[in-house]
Amino acid sequence: MIQLDQKIEANEVKLLANCTVGIGFSYTSFQAGLESKPDLVGCDAGSSDGGPFLLGSRRSKGGLTIERDLEIMVEGALRKEVPLVIGSCGGTGANAGVEKYLALVAAILSRVDKHATVATICAEVPQSLVISKLHEQKIAPIGAWPMLREEDVQNSSAIVAMMGVEPIVSALKMGANIVLAGRCCDPAIFACVPLMSGIPPGIAWHAAKSIDKGYLATTDPTKGSSIMAYVNRDGFILEPMKEDVACTVATVARQTMHENPNPFAIIEPGGTIDTQSAVYEQLDPRRVLVSGSEFLAADPYTLKLEGASQIGYRSIVIAGIRDPRTLGDLRRFLSELRVLVDRAARSMKVIPDQYSLNLRVYGRDAVLGELEPEPELIPKEVALIIDVVAADEDTATALASRASTSGNRLDLFGGLEGGGNFAYPFSPRVIELGPVFRWSVWHTMTIDPSELPEIFPIELHRL
Amino acid sequence: MNNRSIADRDYERRNLRDVANAVKSSNAGASWLTLDIFCSTLEDLNRISTNLEAKRVAQCYHVHADDVQIYVYECALAIKVTVPRHNITGSGVAAGDIWETDFDGVQQHVPLLDLSI
């Protein structure tokens, strides 16, 4: 064990990782990591978990927490002359997010009085490319998603492709100090430097996957520790940079399985991390050594596509219900309310397929829906969310408003006597949530690797 | 059968929430929901992996048993269960669609908690 440990220290690449731009990390642990002169600082900035809104509305995430995290990483990386790679800029990795991050980095550089060569890598794909790939039958659904139709592509307000490691390697070879990547798989942020150093791909990718959520691989994620991977040809060691947290075999192995369908086969752009032969060893109370993983190159090469399209506008009303008589027969109450709303819609000449009414009952089954194991329990109080999605905002708001007044006055059990059923916590009652989106594209696209530079164009900015 | 010890009778009564150290759920992209069951001991891990049947998981998530993936990841003292995301909201193939109740999928482990193990 000690021998392997020494071997790794003798000929290693050091990768310093934080979790996600904007959710914070321990400043002192990051500075401690910089002191041992890493070969790369990396951090992811995006996710599709939040749903299709950001991508569809072509917005991107910014704000003070993002600026704080970025500034510490930009300043530190430049001071120590270490390349910095940020993936999925702006939250979705669409072009607007990359541009926003470029502007943020430019402002930071002038604040800290430093210069840098910044590479941007865009990841939005034009509809024409996706449609021509569709005609060539090179688009396949992921999981049980439906087959892609041309209209899904045409209705998408944005489509991004998730890049692997190749565009980042190219940007670093072009001399970038800072790489701002569009949509990017998280491990590619970290796999680039070890792969450039000749580390076997199985080791490089598994090391990258282990640190791509930063402090989630430690015993106490709330401490926000930066994490270091020491990688060489034989394996990698993980060590948290904060003294009072540890990496254990369980915390590291659990990071490998995080958010993936299969812990033994983790699909990345260009191949699959095969962890079946991985060995995790506890070196000392704070460090774990991992070896043995393989990387199975994909043939043909596929990229994941994400696209979003608008389906309408949403307006909601939040109403509290506390009266035991209403709660005792809530299903009947809500189905009566639905009848009233449908009737009102007809009187307003809104046809049924132009709106949806979703009555979400928090306190009963709003979180689990049809999977709720105890849907018949009578709650003490509930929050009813009247959720209307319609083709235009005026219709959504009119129907939500009508559902609210009709439900408030619905005297199903007698004796309402001009009172009301709904306790409203907010004024205004009707809350307009704006445009609503769906995932219109959730597919893979087969390409030839020679197409990568065109799909993920790199631009250098000397700032 | 008559000579069952108290421990044996306890064994029959326990649910997943009592045996596992933690159970969490998350999206594995928009196509799958993945449920991670963490244990404190190898004994608990073996007990759960022996008794966790795809058929019963399928009933909890209203999916076909053939679509339930179960992996024992011993080095993490964990079991991963992956099911298609599309039936969870009852809205067809549409994670993140207008009927979505849990975009990140982080509260969808609850139906597993009371499976007898």
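Some observations on this one:
- Candidates A:Ser406, A:Ser450, A:Ser401 - the one that is loosely packed, with under 14 Cβ neighbours inside 10 Å, hydroxyl-bearing (Ser, Thr, Tyr) and at pLDDT 95 or above: A:Ser450
- Out of A:Arg254, A:Arg332, sole residue that is within 30 Å of B:Arg85 (Cβ to Cβ) and among the basic types (Lys, Arg): A:Arg254
- Condition check for A:Leu377 on (1) within 33 Å of the chain's Cα centre (by Cα); (2) within 30 Å of B:Cys60 (Cα to Cα): one failure, at (1).
- Under the condition of being surrounded by 22 or more Cβ atoms within 10 Å (Cβ to Cβ) and free of Cβ contacts under 8 Å to residues at least 40 places away in the same chain, the residues counted in region A:262-279 number 1.
- When region A:16-58 is filtered for residues that are at pLDDT 95 or above and of a type in the set (Asp, Glu), the ones remaining, listed by number, are A:Glu35, A:Asp39, A:Asp44.
- Residues located in region A:14-36, provided they are within 23 Å of the chain's Cα centre (by Cα) and of a type in the set (Ser, Thr, Tyr): A:Thr20, A:Ser26
- Picking from residues in region B:29-46 that are surrounded by fewer than 22 Cβ atoms within 10 Å (Cβ to Cβ) and charged (D, E, K, R), the one that is farthest from the other protein chains (Cβ to nearest Cβ) is B:Glu43.
- Residue within region A:240-263 that is in a strand (DSSP E or B) and either modelled with pLDDT under 95 or charged (D, E, K, R) (or both) present: no
- Remark: pairs (first residue in region A:366-394, open to solvent by 70 Å² or more (accessible area, probe 1.4 Å); second residue in a strand (DSSP E or B) and of a type in the set (Phe, Trp, Tyr); Cβ separation under 9 Å; 6+ apart in sequence or on different chains) = A:Asp394/A:Tyr313.
- One residue alone among A:Ala246, A:Ala207 is open to solvent by less than 40 Å² (accessible area, probe 1.4 Å), more than 11 Å from chain B (Cβ to nearest Cβ) and within 21 Å of the chain's Cα centre (by Cα), and that residue is A:Ala207.
- When we screen A:Leu296, A:Leu303, A:Leu289, A:Leu330 for residues that are surrounded by 20 or more Cβ atoms within 10 Å (Cβ to Cβ), at pLDDT 95 or above and more than 24 Å from the chain's Cα centre (by Cα), the only hit is A:Leu289.
- From the options A:Val317, A:Val339, residue that is more than 13 Å from chain B (Cβ to nearest Cβ), more than 30 Å from A:Met241 (Cα to Cα) and in contact (Cβ under 8 Å) with a residue 40 or more places away in the chain: A:Val317
- Taking the criterion of being within 13 Å of another protein chain (Cβ to nearest Cβ) and more than 24 Å from the chain's Cα centre (by Cα), the residues of region A:251-286 that qualify are A:Gln276, A:Ser277, A:Ala278, A:Val279, A:Tyr280, A:Glu281, A:Gln282.
- Scanning region A:222-242 for residues that are open to solvent by 30 Å² or more (accessible area, probe 1.4 Å), over 16 Å from A:Ala207 (Cβ atoms) and touching a residue at least 12 places away in the same chain (Cβ under 8 Å) yields A:Lys223, A:Lys242.
For every residue, the table says whether it meets (1) open to solvent by 30 Å² or more (accessible area, probe 1.4 Å); (2) under 26 Å from the mean Cα position of the chain (by Cα); (3) touching a residue at least 12 places away in the same chain (Cβ under 8 Å).
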{"site": "A:Phe422", "(1), (2), (3)": "no, no, yes"}
{"site": "A:Trp439", "(1), (2), (3)": "no, yes, yes"}
{"site": "A:Trp442", "(1), (2), (3)": "no, yes, yes"}
{"site": "A:Thr446", "(1), (2), (3)": "yes, yes, yes"}
{"site": "A:Leu463", "(1), (2), (3)": "yes, no, yes"}
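The values are calculated or read from the model by the stated rules, or taken from the named source; none is laboratory data. Remember, it's a predicted structure, so these values are computed and weren't measured experimentally. When we count neighbours, we look across all protein chains shown, and the Cβ atoms used for this are built from the backbone with ideal geometry, even at glycine. Keep in mind that these areas ignore ligands, DNA and RNA; they rest on the heavy atoms of the full protein, side chains included. Shrake-Rupley method; radii C 1.70, N 1.55, O 1.52, S 1.80 Å.
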